[in-house]
Amino acid sequence: MRSIFFKEINSFFSSIIGYLVLLVFLVACGLTLWILPDTSILRYGYAALDRFFELAPWLLLLLVPAVTMRSFSDEFRAGTIEWLSTKPVTDLQLILGKYFATLALVVIALIPTVIYLYTVCNLALPDNTPDFGAITGSYLGLLFLAAAFTAVGTFCSSVTSNQIVGFLLSLSACFLLYTGFESLSKLPAFTAGLDYYLSMIGMAFHYTSISRGLIDSRDVIYFLSVIVFFIALTRFSLNNRTRDVARV
């Protein structure tokens with residue numbers, strides 16, 4: 001699994017596309033948080049990163065599919081999945097190696113955003129320090145959200161040999177799981193108590209809960225369940241596709 005992990009990392013950074021994806025993400029973060037007047041922290045009036053944590057999930061919705069779209073699509077397109085199947089690694093080790101490599105790339109993209117916290121701390125008045133508890137919880141929520149998006153994107157990549165199709169499938173699935181159920185719960189037909197339970201199915205509910213700074217075991221279990229579920233689906237999909245390739 002370790003060799004798969006480093007192979008994916010090296011493959012990502014061996015082309016300009018990898019650097020371009022990370023650069024676009026960081027530039028988008030910088031523009032939306034410091035330049036655009038409607039979302040600028042400088043116009044917010046408070047020493048807080050609330051704007052960042054409101055926008056970050058939407059930026060991750062684009063970043064994660066862009067990183068995961070080639071995980072298995074390239075292997076099927078180039079025919080190297082047969083070569084990988086002859087190596088002394090199980091399907092689960094192969095999936096986890098690619099999954100953790102992709103997640104590590106997303107974490108690498110998030111690390112530079114810590115400078116926003118340093119900037120806000122220096123801009124704040126002495127008696128108006130940021131809420132570090134809420135910020136820590138929000139970053140933890142982002143990590144869980146990124147991990148769940150990555151599992152979804154890895155699965156979507158395993159069902160097609162076309163990167164663009166994998167990107168669109170991952171984008172649609174992540175969008176639906178993040179905000180689809182939340183939007184559905186606001187319909188008048190679900191306002192008789194069902195709206196609360198319907199919104200709990202979506203990721204936005206649990207991300208918002210963790211972002212308050214209080215780590216609830218139910219939110220952690222939810223994200224871990226989503227990750228395990230989509231990794232299991234990826235294994236099932238990979239088994240089916242490799243079986244079809246072997247028949248051909």
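Brief remarks on what is shown
- If the condition is being of a type in the set (Ser, Thr, Tyr), more than 17 Å from Phe155 (Cβ to Cβ) and either at pLDDT 90 or above or not in a helix (DSSP H, G or I) (or both), then segment 189-248 contributes Thr191, Tyr207, Tyr222.
- Of all residues in segment 105-145 being more than 22 Å from the chain's Cα centre (by Cα) and aromatic (Phe, Trp, Tyr), the one that is modelled with the lowest pLDDT: Phe132
- Figure legend. Inter-residue proximity from segment 29-55: first residues more than 22 Å from Tyr207 (Cβ to Cβ) and outside any helix (DSSP H, G or I), second residues modelled with pLDDT under 75 and among the β-branched types (Val, Ile, Thr), beta-carbon distance below 8 Å, spacing 6+ or different chains. Indicated pairs: Ala47/Thr129.
- Qualifying residue in segment 141-152 (condition: surrounded by fewer than 18 Cβ atoms within 10 Å (Cβ to Cβ) and of a type outside the set (Gly, Ala, Ser)): yes
- Counted residues, segment 198-227 - those being of a type in the set (A, V, I, L, M), farther than 15 Å from Glu54 by Cα and in contact (Cβ under 8 Å) with a residue 24 or more places away in the chain: 5
- Scan of segment 71-104 for residues that are at pLDDT 85 or above, aliphatic (A, V, I, L, M) and either surrounded by fewer than 18 Cβ atoms within 10 Å (Cβ to Cβ) or farther than 27 Å from Leu143 by Cα (or both), ordered by number: Leu92, Ala104
- Residue in segment 2-11 that is part of a helix (DSSP H, G or I), of a type in the set (S, T, N, Q) and touching a residue at least 60 places away in the same chain (Cβ under 8 Å) present: yes
- Of the numbered criteria (1) β-branched (Val, Ile, Thr); (2) at pLDDT 90 or above; (3) farther than 30 Å from Asn240 by Cα, the one Val152 fails is (3).
The values are calculated or read from the model by the stated rules, or taken from the named source; none is laboratory data. Just so it is clear, the structure is predicted and the values come from calculations on it, not from any experiment. Neighbour counts are summed over all protein chains in view; Cβ atoms, including those assigned to glycine, are modelled from backbone coordinates with ideal geometry.
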